[in-house]
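Asks: Can you read through this structure? Questions will come right after.
The numbers here are math on the coordinates, done by the rules we state, and not lab data. Not measured: the values here are computed from a predicted model. Positions of Cβ are backbone-derived with ideal geometry, glycine not excepted, and every protein chain shown enters the neighbour counts.
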Amino acid sequence: MVPAMNVSLAKGLPVEPYDFEMWRDLRPFLEEYWVTSFPIVLIYLLLIIVGQSYMKTRKGFNLQGPLILWSFGLAIFSLLGTVRIWNFMGTLLLTEGLKPTVCFSSYSDHTIIRFWSWIFLLSKVVELGDTAFIILRKRPLIFVHWYHHSTVLLFTSFLYKDKVPSGGWFMTMNLGVHSVMYTYYTMKAARLKHPSMLPMLITSLQILQMVMGAIFGVLNFIWRQENGCHATTGHFFWSFMLYGTYFILFAHFFHKAYLRPKVKAKTKSQ
């Protein structure tokens with residue numbers, strides 16, 4: 001028997017949806033065609049090879065205007081998503097506690113989460129366009145960039161299909177970091193002055209996000225056998241494995257980008 005808390009979770013919360021959040025539910029369609037994420041990623045990886053080959057003997061495009069609009073649009077989207085989902089998840093956390101937010105999946109049927117879940121999933125496809133700007137502008141394309149983009153799309157599709165309970169927190173963290181990251185990208189593309197520590201802060205937030213993601217995966221594993229808990233060993237395995245690899249890659253990037261240059265500079269000065 002499923003606990004009453006699982007059935008009534010998120011009902012009666014003082015968080016009301018806006019009219020646009022009551023738009024038709026795309027879950028049936030996206031659940032049926034979730035495997036489409038695999039060919040999308042395959043096409044994405046092939047286009048990277050083709051694009052780099054095409055640009056190899058050509059001069060990089062400027063694309064300042066389109067890049068500003070692109071980054072600004074994603075910054076606004078991420079900020080709105082952060083505010084709405086954090087408002088919901090924070091209220092749920094304060095009223096029901098931590099366990100229901102990472103163990104019970106019934107809250108995913110709430111209008112607000114339902115809307116932002118499918119639009120969040122589709123945004124992962126849109127964000128693949130980041131790579132196009134890198135290739136067309138002939139900027140360095142590092143492994144962590146395309147690996148992160150491709151696996152996040154696959155993982156998000158899996159989370160959506162399986163209604164993984166901790167998915168609400170994954171969305172909140174991702175959108176929160178992206179709201180800062182794309183704001184920085186917008187300022188950088190527009191050549192606006194920004195705090196010199198901002199890039200390091202963003203990478204630090206990304207690393208923190210990976211640590212928290214791994215913690216939520218562990219909590220899924222610990223609570224998975226409790227009555228009514230929707231978390232499974234599979235949820236734990238994939239979330240812990242991916243967030244673990246993300247942590248390693250972003251920590252390595254942090255060391256290479258912000259720590260190693262200082263060591264070299266100090267050695268040179270000596």
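Asks: Using the Karplus equation 6.51 cos²θ - 1.76 cosθ + 1.60 (θ = phi - 60°), what ³J(HN,Hα) coupling, rounded to whole Hz, does each residue of the stretch 81-97 give in order, writing x for Gly and Pro?
Replies: In residue order, the calculated couplings are x, 4, 4, 5, 6, 5, 4, 5, 5, x, 5, 5, 5, 6, 8, 10, x Hz.
Asks: Among E16, E96, which comes first, second and so on when ranked by fewest other beta-carbon atoms within 10 Å?
Replies: In increasing order of surrounding Cβ atoms, one gets E16, E96.
Asks: In a GNM of the chain with a 10 Å cut-off on Cα contacts, which of K138, K59, K161 has the highest mean-square fluctuation?
Replies: The residue that fluctuates most here is K59.
Asks: Helix 233-254 sits at what angle to the longest principal axis of the chain, using alpha carbons and giving 0 to 90 degrees rounded to 10?
Replies: Between the helix axis and the principal axis of the chain, the angle is about 30 degrees.
Asks: Residue separation times 0.36 nm, minus the C-alpha to C-alpha distance between L94 and I248: what's the value?
Replies: Length difference between fully extended and current span is 52.2 nm.
Asks: Another question about this same structure. Match the structure shown to one of the listed values (1) 19.0, 58; (2) 20.0, 70; (3) 17.2, 57 of Rg and Dmax of the Cα atoms in Å, computed from it, and give that label.
Replies: (2)
Asks: How long is the gain from L259 to I49 if the chain were fully straight, where each residue apart is worth 0.36 nm and the alpha carbon distance is subtracted?
Replies: Taking 0.36 nm per residue and subtracting the Cα distance, the gain is 72.5 nm.
Asks: While we're looking at this one, here's another question. Quick one: compute the contact order of the chain, relative version, from alpha carbon pairs under 8 angstrom and 6+ residues apart, as a percent.
Replies: Once normalised by length, the contact order is 27 percent.
Asks: Can you give me the distance in nm between label points at D25 and F38, each placed 7 Å from the Cα along the Cα-to-Cβ direction?
Replies: Those two pseudo-labels are separated by 2.7 nm.
Asks: Then there's this: Which value at 222 nm does the chain reach when only helices count, each DSSP H run of 4 or more adding -39,500 (n - 2.57), with the total divided by all residues and rounded to the nearest 500 deg cm²/dmol?
Replies: That calculation yields -24000 deg cm²/dmol at 222 nm.
Asks: Okay, moving on. By per-residue mean of other Cβ atoms within 10 Å, what is the highest-first order of 221-230, 189-198, 101-110?
Replies: 101-110, 221-230, 189-198
Asks: Given the options L219, H148, T232, identify the residue whose Cα lies farthest towards the positive end of the charge dipole of the chain (+1 on Cβ of Lys, Arg; -1 on Cβ of Asp, Glu).
Replies: H148
Asks: When the convex hull of the Cα atoms of the stretch 160-270 is projected onto a plane and the area is averaged over all directions, what value comes out in nm²?
Replies: 9.1
Asks: Compute the distance from the alpha-carbon center of the stretch 83-123 to that of the stretch 49-71, in whole Å.
Replies: Between the Cα centre of the stretch 83-123 and that of the stretch 49-71, the gap is 37 Å.
Asks: What is the angle, in °, between the Cα long axis of helix 37-55 and the longest principal axis of the Cα atoms in the chain? Nearest 10 is fine, range 0 to 90.
Replies: Between the helix axis and the principal axis of the chain, the angle is about 10 degrees.
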